[in-house]
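Data first, discussion second: the structure below is written as structure tokens.
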Amino acid sequence: MCGIVGYLGFRRADQVIISALKRLEYRGYDSWGVAVKHGNGLELIKRVGAIGDVENYSLAEGNIGIGHTRWATHGKPSEINAHPHTDCNNKIAVVHNGIISNFQSLREDLKSRGHEFTSETDTEVIAHLIEEEYRGDLKEAMMKAVERLKGSYAIVVMHVDKEELVAVRYKSPLVIGIGDGECFIASDVPAVLDYTNRVIYLEDGDIVKMWNNGFIIWNNGKEVERKIDTIPWSIEDSEKGGYEHFMLKEIHETPRVIEDTLFEYLSEDIDIDVSFSAGISEIVFVACGTSYHASLIGRYLIEKLTGIPARVEFASEFIYNPPPISRTLVIAITQSGETADTLEAMRIAKKHGARVVAIVNVLGSTATRIADYILYTRAGPEISVAATKSFIAQLIVLYLLALKLSKLPGSEIEKLIEELRIMPEIVRRILEHEEKIEQIAEEIANFEDMMYIGRGIGVPIAMEGALKMKEISYIHAEAYPAGELKHGPFALLGKHTPVIALLIPDETYEIMLNNIKEVKARESLVVAVADEDDAEVEKYVDFVIRVPKTNSVFTAVTHSVALQLLAYYTARKRGCEIDKPRNLAKSVTVE
Ligand code: G6P
């Protein structure tokens with residue numbers, strides 16, 4: 001997720017901005033840049049990689065400037081693609097967080113009118129649009145430019161002729177920091193906390209003009225007042241947005257991540273180019289860890305919705321025993337795009353002549369260079385080692401892919417797409433009731449073994465739920481298809497082993513209830529995850545985690561978010577170091 005900073009005041013803008021950008025490093029970035037106004041010119045610096053020491057950099061003296069940390073989305077990480085971006089005459093500089101979905105057509109249009117582009121980014125169109133509209137009033141020009149943008153954006157712009165900054169927010173966060181004789185604007189509070197704890201959170205559609213000692217906010221053409229908040233957090237707390245851990249913050253980012261990922265591929269209809277699927281007879285997923293579980297759900301969706309046979313291989317095993325590949329599409333799923341086993345599996349698949357698609361979160365990562373085709377998830381950087389929001393983003397891409405390849409009747413596909421569109425809202429509703437999950441977590445936190453059970457799509461959901469639990473709480477948690485309990489795991493059940501049972505509103509429901517009764521007969525405590533309309537399950541279990549009712553295929557989202565929270569609160573109750581579990585790494589770059 002990109003980070004934005006703007007400053008006007010009495011200090012040296014370059015030093016303030018670079019140190020503020022460092023405060024946004026936790027968001028993740030691959031390149032960065034700063035523009036400072038001095039006299040009637042602009043001085044820019046752009047770099048790839050980490051910022052390092054603030055003292056290493058010195059731009060011209062000036063008290064107005066903007067800066068940016070970039071997490072690449074359109075165009076690879078490079079100095080040219082790093083922000084700020086400028087207009088043809090180097091008078092206007094722009095930083096942007098978000099995605100401009102119609103940038104291609106705007107770019108073509110601007111080029112045809114003589115504008116010269118230097119980068120591959122979506123952002124650069126904004127600088128040129130403002131240039132087109134500028135008649136001496138920067139705010140007016142910004143308003144006109146924004147009217148032509150589709151997508152999500154937080155934008156800050158400066159002009160060499162103006163002692164002001166203008167910013168606008170739509171679906172990407174922006175906060176104003178109010179100082180004494182100085183003003184800040186940033187994508188997040190940590191950027192300003194070294195200087196002030198008085199902030200205003202801008203709302204969607206807000207446009208703000210700032211001077212060193214004041215600002216005006218408009219929305220819908222009218223001047224508006226916004227509440228000033230006083231932030232009580234330390235810098236460290238504020239990087240986590242007030243959450244105790246990155247993991248919880250990232251779970252709470254899920255609705256936005258779903259929106260962003262849908263936004264990328266779903267306008268009127270599903271906008272994924274599936275030419276890679278022409279003539280294929282089977283799909284093989286390769287992945288590790290949580291991405292492996294996303295693959296298992298992917299297989300379920302592909303087989304159920306498209307009828308194409310699909311298999312899933314651990315990337316580390318695929319390496320030794322690549323299946324015969326003819327007319328096979330290999331789909332590699334990887335958050336980081338750097339997991340060594342997954343990369344090797346991709347290389348081997350290519351060597352055997354398979355077409356390789358990567359579902360990946362990090363732009364420019366190695367997986368994106370190996371793959372023949374890339375489908376990005378829009379989860380933004382994930383800091384907690386345990387994957388949460390990125391897993392849900394992977395599922396969203398898999399839903400879209402399976403629906404796009406689906407042979408279901410159009411009306412059924414449409415119904416599913418409509419439901420997919422409301423998933424952000426559904427997840428918000430789960431998050432609103434998380435204290436209930438916390439209470440249940442307190443009931444199970446003292447056990448040392450757990451069993452997760454499900455049927456159908458419930459099996460991979462159970463596997464991912466158990467993985468979350470073991471990763472961060474260090475409780476030994478196993479996942480089993482409920483029907484397999486009788487072939488061994490029953491021997492492990494009893495008062496000492498709680499069972500987490502996943503109820504899916506499909507043909508597996510009734511038999512799952514029977515399995516739960518069998519488990520209860522062995523005296524295990526049972527926590528069920530079931531939908532709000534299920535009046536039956538509570539008769540048989542000790543606790544129920546309720547989630548909104550959805551089509552059964554979307555329980556992979558609802559139940560998984562609930563299980564992420566269950567693992568989180570269990571680990572928290574046990575006092576575990578949640579964001580960096582012992583012995584684990586976010587990205588495993590060795591085989
Ligand atoms: C590590 C991480 C897991 C992740 C797995 C695969 O083990 O701790 O959270 O699921 O790698 O990572 P990838 O980046 O390929 O999805």
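The values are calculated or read from the model by the stated rules, or taken from the named source; none is laboratory data. Note that the structure is predicted; figures quoted are calculated from it, not measured. Heads up, the Cβs are rebuilt from the backbone with ideal geometry, glycines too, and the neighbour counts pull from every protein chain shown.
Could you list all residues from region 135-173 that are surrounded by fewer than 22 Cβ atoms within 10 Å (Cβ to Cβ) and among the polar types (S, T, N, Q)? Break it down stepwise before answering.
Narrowing region 135-173 to residues surrounded by fewer than 22 Cβ atoms within 10 Å (Cβ to Cβ): 135-141, 143-144, 146-148, 150-153, 160-164, 170-171, 173.
Ser152, the sole residue that qualifies.
A quick yes/no check of all residues on (1) among the hydroxyl-bearing types (Ser, Thr, Tyr); (2) in a loop (DSSP other than H, G, I, E, B):
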position: Leu106; (1), (2): no, no
position: Thr118; (1), (2): yes, yes
position: Ile126; (1), (2): no, no
position: Glu132; (1), (2): no, no
position: Ala141; (1), (2): no, no
position: Lys162; (1), (2): no, yes
position: Val166; (1), (2): no, no
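Among the candidates Glu518, Glu538, Glu523, Glu510, which residue alone is out of contact with any Pro (no Cβ under 9 Å at 6 or more places or on another chain) and either in the same structural domain as Arg256 (by TED's automatic domain parsing) or part of a loop (DSSP other than H, G, I, E, B) (or both)? Let's see the steps before the verdict.
Details: Glu518 fails: either in the same structural domain as Arg256 (by TED's automatic domain parsing) or part of a loop (DSSP other than H, G, I, E, B) (or both); Glu538 fails: either in the same structural domain as Arg256 (by TED's automatic domain parsing) or part of a loop (DSSP other than H, G, I, E, B) (or both); Glu510 fails: either in the same structural domain as Arg256 (by TED's automatic domain parsing) or part of a loop (DSSP other than H, G, I, E, B) (or both).
Only one candidate qualifies: Glu523.
Does region 290-300 contain any residue that is more than 15 Å from the ligand (Cβ to nearest atom) and either within 29 Å of Lys407 (Cα to Cα) or touching a Ser or Thr at 6+ places or on another chain (Cβ under 6 Å) (or both)? Explain how you work it out, then say what you get.
Step one: of region 290-300, the residues more than 15 Å from the ligand (Cβ to nearest atom) are 299-300.
Next, only the ones that are either within 29 Å of Lys407 (Cα to Cα) or touching a Ser or Thr at 6+ places or on another chain (Cβ under 6 Å) (or both) stay: 299-300.
Within region 290-300 (the criterion being more than 15 Å from the ligand (Cβ to nearest atom) and either within 29 Å of Lys407 (Cα to Cα) or touching a Ser or Thr at 6+ places or on another chain (Cβ under 6 Å) (or both)), the answer is yes, since at least one residue qualifies.
Quick check on my filter: what residues within region 302-337 are away from the ligand (no atom under 14 Å from the Cβ) and assigned to a helix (DSSP H, G or I)?
The answer is Ile302, Glu303, Lys304, Leu305, Thr306, Glu317.
Being among the polar types (S, T, N, Q), in contact with a strand residue (DSSP E or B) (Cβ under 9 Å, 6 or more places away or on another chain) and part of a helix (DSSP H, G or I) is true for just one of Thr550, Thr558. Which residue is that? Write out each step before concluding.
Working: Thr550 fails: part of a helix (DSSP H, G or I).
That would be Thr558, the only listed residue that is among the polar types (S, T, N, Q), in contact with a strand residue (DSSP E or B) (Cβ under 9 Å, 6 or more places away or on another chain) and part of a helix (DSSP H, G or I).
Yes or no: Ala340 hydrophobic (A, V, I, L, M, F, W, C), over 23 Å from Ile297 (Cβ atoms) and either outside the structural domain of Arg369 (by TED's automatic domain parsing) or within 16 Å of the ligand (Cβ to nearest atom) (or both)?
Working: hydrophobic (A, V, I, L, M, F, W, C): yes; over 23 Å from Ile297 (Cβ atoms): yes; either outside the structural domain of Arg369 (by TED's automatic domain parsing) or within 16 Å of the ligand (Cβ to nearest atom) (or both): yes.
Answer is yes for this residue.
Return the residues of region 179-220 that are among the aromatic types (Phe, Trp, Tyr) and surrounded by 23 or more Cβ atoms within 10 Å (Cβ to Cβ); say none if nothing qualifies. Give the derivation first.
At the first step, the residues of region 179-220 found to be among the aromatic types (Phe, Trp, Tyr) are 184, 195, 201, 211, 215, 218.
Matches in region 179-220: Phe184 only.
Would you mind telling me which numbered condition in (1) in contact with a Leu (Cβ under 9 Å, 6 or more places away or on another chain); (2) farther than 23 Å from Ile228 by Cα; (3) surrounded by 24 or more Cβ atoms within 10 Å (Cβ to Cβ) Ile176 fails?
That leaves (2) as the condition not met.
For region 133-191, enumerate the residues that are of a type in the set (Lys, Arg) and within 22 Å of Asn40 (Cβ to Cβ).
At the first step, the residues of region 133-191 found to be of a type in the set (Lys, Arg) are 135, 139, 144, 148, 150, 162, 169, 171.
Those that are of a type in the set (Lys, Arg) and within 22 Å of Asn40 (Cβ to Cβ): Arg135, Lys139, Lys162.
Could you list, ordered by first residue, the pairs with Cβ atoms under 8 Å in which the first is in region 329-347 and over 17 Å from Val362 (Cα atoms) and the second is of a type outside the set (S, T, N, Q) and near the ligand (Cβ under 9 Å from one of its atoms), at least 6 apart or interchain?
Pairs that qualify, where the first residue is over 17 Å from Val362 (Cα atoms) and the partner is of a type outside the set (S, T, N, Q) and near the ligand (Cβ under 9 Å from one of its atoms), are Glu344/Ala315; Ala345/Ala315; Ala345/Ala332.
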